[in-house]
Amino acid sequence: MSFLARHPVLRLIASPQHLWRTVSLGLKTIWLHKLRSFLTALGVVFGVASVVAMLAIGEGASHEAQEQIKKLGSQNIILESVKPPDSQGGAAETRSMVIEYGLTARDIEQIRRTVPGISIVVPSRILTEIIWNLDRKVDGQIGGVLPIYPQMRNRRMLLGRFISDLEQQERLPVCVLNQSAAAKLFPLDTPTGKSVRVRGYYYKITGVIEDETKQGGGGGGGSSSSNSTAQIFIPDTTLNDQFGETFFRYKTGGFEAEKVAFHEAVVRVNDTAQVMSRAEAIKQILTTNHKKEDWRMIVPIELLRQAERTKQIFSIVLGSIAAISLLVGGIGIMNIMLASVTERTREIGIRRALGARQADIVLQFLIETTLLAGVGGVIGVVVGLAIPIAVSHFAGVTTVVKAWAPALAFSISVLTGIAFGIYPARRAARMNPVEALRHE
Amino acid sequence: MTESQSSPIIKLVDVRKSYQMGALTTQVVQGISLDIHAGEYVCIMGPSGCGKSTLLNLLGCLDQPTSGDYFLGGKNVAHLDDDALSEVRCRNLGFIFQSYNLIQQLTVIENIAVPLYYRGASDKEMREKAERLAAQVGLSHRLHHKPNELSGGQQQRVAIARALVNDPLVILADEATGNLDSKSGQEILGIFDELNAQGKTLVFVTHDERMVRRCKRIVRLEDGVIAHDIPGGPAAPALAAAA
């Protein structure tokens, strides 16, 4: 029917030509008042930019947490020895020259025997030493570990192989370098088959392992190896034989000796759901065994939970900012459109006299508002994509832009335009044509 | 008046219009009955406040009578809803205003095509018709100019082309020559004569004596009723003034 064919919305859908004509009229009107249009759209720009940035930073936080957990292993509980703060000040009561702290063999044994549902406990010792290759040296850590270490920590071998069970049993002087150590000590040639020296001991290199990814490690892209500490790994048995249980270290005032049985232990829980309860059990054992706070427990799953919480807080804060700026932006658009409707009363009267229906007028103004918000949305998306890049660059926070995020933000801007455009458009359409024509 | 054989294009039957202003009701049009036939050239005159603008608005379907019937082309349009009235304005009526009322951001050709746009015409039809009408009013060389780049006479010619574009039953004008200098006014009056000669029906509200001399019929309103309904012609201004 001709009536249906004349309905403005149907006509827009039916004829791309007509749609383009209506849209280009809207664009023309927006372009006519460039500065005003820009200022009007600014609110939407900020709103959309913060939506995009919020999603990118939130996704980044959760992505980072997941990466971290992948590295640490979601089934793992990591125990670390920490030098207790009060022993730093000279241990006045004991008068002992040797500071003794950290996880002990008894702890490990007890955990192994009493906590159910855990498969392996891998303790390791870590010393800070200077590592040599001929006259090249690097400050680094030497770790005494079990052959299962790479699997437990999800670290890939880049070259060669890790320490074997036999080497561990036979207490052989072999080692594996991490990437950083390999890069610093063997910048030009392949390290495998060669040896490094720590104090007076030589270790034959069997392979190179990737660096440990620490939290906030450089955002996206290859984290530079210079950020990581050089590490070498030797069999724990070898370490005990050669370095004993007490380590001496030079300090500015003289000697300092410390006795640490294990610097680190990784407990693997069979069932991921049980990690938290097992962590609680281990915590109790360690609290009973240790008077001082000389140990620390890291539960990767809990890290995830914390990251999720951070993400949530971020989403709430930025979400509110986004909502408020979109609201303000929407009100700004509505305000300007109301002014524009008044300003163009005459035009509305003319159009009505020439046969425009109320729906035609509504559509004209609504398309204008939507375009205004849409243009604001596009600018907002561009700004919003720039923010995460700047944030990762300057704050070193990982950000992840999902493809749907800009699309969502843009849709929100268009919806804002429509929502806040309806009232001015209806007001324009409802005008009495006679009075509108008389308007000066 | 002698009734012609054909039915009138415009037929008003006891049309009244009143406005409510607070507690006060003002009767502006107080029972007008009027027949206008195809090809007539009618001038509506009268002192200010006599209701001639209101009558023109009613004839133009911009306003609706409080009571009475209005048949336009045989169809009663007195009680149509807003959408149907818009459709009537779009297809059956052409408007010419004193202050031209062109849309400033549109070019000449776009202004002429506005009624076609609301009728849902294709791009091709819009372009062709608008170009043809622009040529008819002598503006072929100004197609892509904006109204503010044109003289008053030229702007009014754009408005005439626009009023003709949907081939309406009636062309309505409110003081079409009121804002023009005498030369431009003369040109516009010439175009009206031509249109009437082609058989177009013209209903104009005017004070312009030259127009009154040219028209075929004068309807003089006083206090919302028809005071005189006399033939136009060279002697008409004196008659109308005396009446």
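Throughout, read-outs are computed from the coordinates displayed, never taken from laboratory work. Bear in mind that the values here come from a model prediction, so they are computed numbers and not experimental data. Heads up, the Cβs are rebuilt from the backbone with ideal geometry, glycines too, and the neighbour counts pull from every protein chain shown.
What the pair-distance distribution of the range A:300-350 shows, using all Cα-Cα distances binned every 5 Å from zero, is 6, 17, 12, 11, 9, 9, 7, 7, 6, 5, 4, 3, 2, 1 percent. Compute the helix-to-body angle for B:82-92: its Cα long axis versus the longest principal axis of chain B, expressed 0 to 90° and rounded to tens. Long axis of B:82-92 versus the principal axis of chain B: about 70 degrees. Taking the longest Cα principal axis of chain A as reference, the axis of helix A:105-114 is set at about 60 degrees.
The local environment of A:Pro235, defined by Cβ-Cβ distances under 13 Å, has a net charge of -2 under the rule Lys, Arg +1 and Asp, Glu -1. Both the radius of gyration and Dmax for chain A are 33.7, 104 Å, in that order, over alpha-carbon atoms.
Across the range A:9-68, Cα-Cα distances exceeding 13 Å account for 74% of all pairs. Take the Cα of A:Ser15, step 7 Å along the line toward its Cβ, and report every residue of the range B:106-128 whose backbone nitrogen sits under 11 Å from that point. Taking a point 7 Å out along Cα→Cβ of A:Ser15, the residues of the range B:106-128 whose backbone N falls under 11 Å are B:116-127.
Can you tell which of A:Pro235, A:Pro116, A:Pro406 shows the greatest fluctuation in a Gaussian network model of chain A with Cα springs below 10 Å? Among A:Pro235, A:Pro116, A:Pro406, the largest mean-square fluctuation in the Gaussian network model of chain A belongs to A:Pro116. About the centre of its Cα atoms, the protein assembly as shown shows a dipole size close to 680 debye [charges on the beta carbon of Lys, Arg (+1) and Asp, Glu (-1) only; nearest 20 debye]. Entry note, chain B: the mean residue ellipticity at 222 nm calculated from DSSP H runs of n ≥ 4, each adding -39500 (n - 2.57), is -11000 deg cm²/dmol after division by the residues and rounding to the nearest 500. Within the range A:95-175, the GluC sites (Glu not before Pro) that combine a DSSP coil assignment with at most 14 other C-beta atoms in a 10 angstrom radius are A:Glu170.
In this entry, the range A:125-168 is assigned a mean projected area of 4.0 nm², taken as a quarter of its C-alpha convex hull surface.
Using the Karplus relation 6.51 cos²θ - 1.76 cosθ + 1.60 with θ = phi - 60°, the per-residue 3J(HN,Hα) values for the range A:140-149 come to x, 10, 10, x, x, 9, 8, x, 7, 3 Hz, with x marking Gly and Pro.
Using a simple spin-label model with pseudo-atoms 7 Å out from Cα toward Cβ, B:Arg213 and A:Ala273 lie 10.5 nm apart. Modelled this way, with points 7 Å down the Cα-to-C-beta line, the labels at A:Val82 and A:Phe394 are 3.2 nm from one another. The orientation-averaged projected area of the convex hull spanned by the Cα atoms of chain B comes to 13.8 nm². Using a Förster distance of 30 Å, how high is the FRET efficiency between B:Glu194 and B:Leu143, based on the Cβ-Cβ distance and rounded to 0.05? Using R0 = 30 Å, I get an efficiency of 0.90.
Put simply, the convex hull of the Cα atoms in the range A:341-436 casts, on average, a shadow of 7.4 nm². Between A:Thr310 and A:Ser164, residue separation times 0.36 nm minus the direct Cα-Cα distance comes to 48.4 nm. Antiparallel DSSP bridges in chain A: what percent, to the nearest 5? Bridges in chain A that DSSP calls antiparallel: roughly 75 percent.
Maximal additional length on extending the B:Glu125-B:Gln105 stretch stands at 5.1 nm, based on 0.36 nm per residue less the C-alpha distance. So how tilted is helix A:358-395 from the main axis of chain A? Cα-based, degrees 0 to 90, rounded to 10. Relative to chain A, helix A:358-395 is tipped by roughly 20 degrees. Remark: spin-label model distance A:Gln151-A:Lys291 equals 4.0 nm, labels positioned 7 Å along the Cα→Cβ axis. With K and R counted +1 and D and E -1, the other residues having a Cβ less than 14 Å from that of A:Gly193 yield a net charge of +2. Taking amide H as placed 1.01 Å from N in the peptide plane, the amide H of B:Thr201 sits under 5 Å from that of B:Gly39, B:Ile171, each at least 5 places away or on another chain. Working note: Cα atoms of the range B:4-129, range along each principal axis, descending, whole Å: 49, 42, 29. Here the 3J(HN,Hα) profile of the range B:195-203, calculated from phi with Karplus coefficients 6.51, -1.76 and 1.60 at θ = phi - 60°, is 4, 5, 5, 6, x, 6, 8, 10, 10 Hz, Gly and Pro shown as x. Here the Gaussian network model covers chain A, with springs between Cα atoms less than 10 Å apart; of A:Ala339, A:Ala183, A:Ala265, A:Ala339 fluctuates the most.
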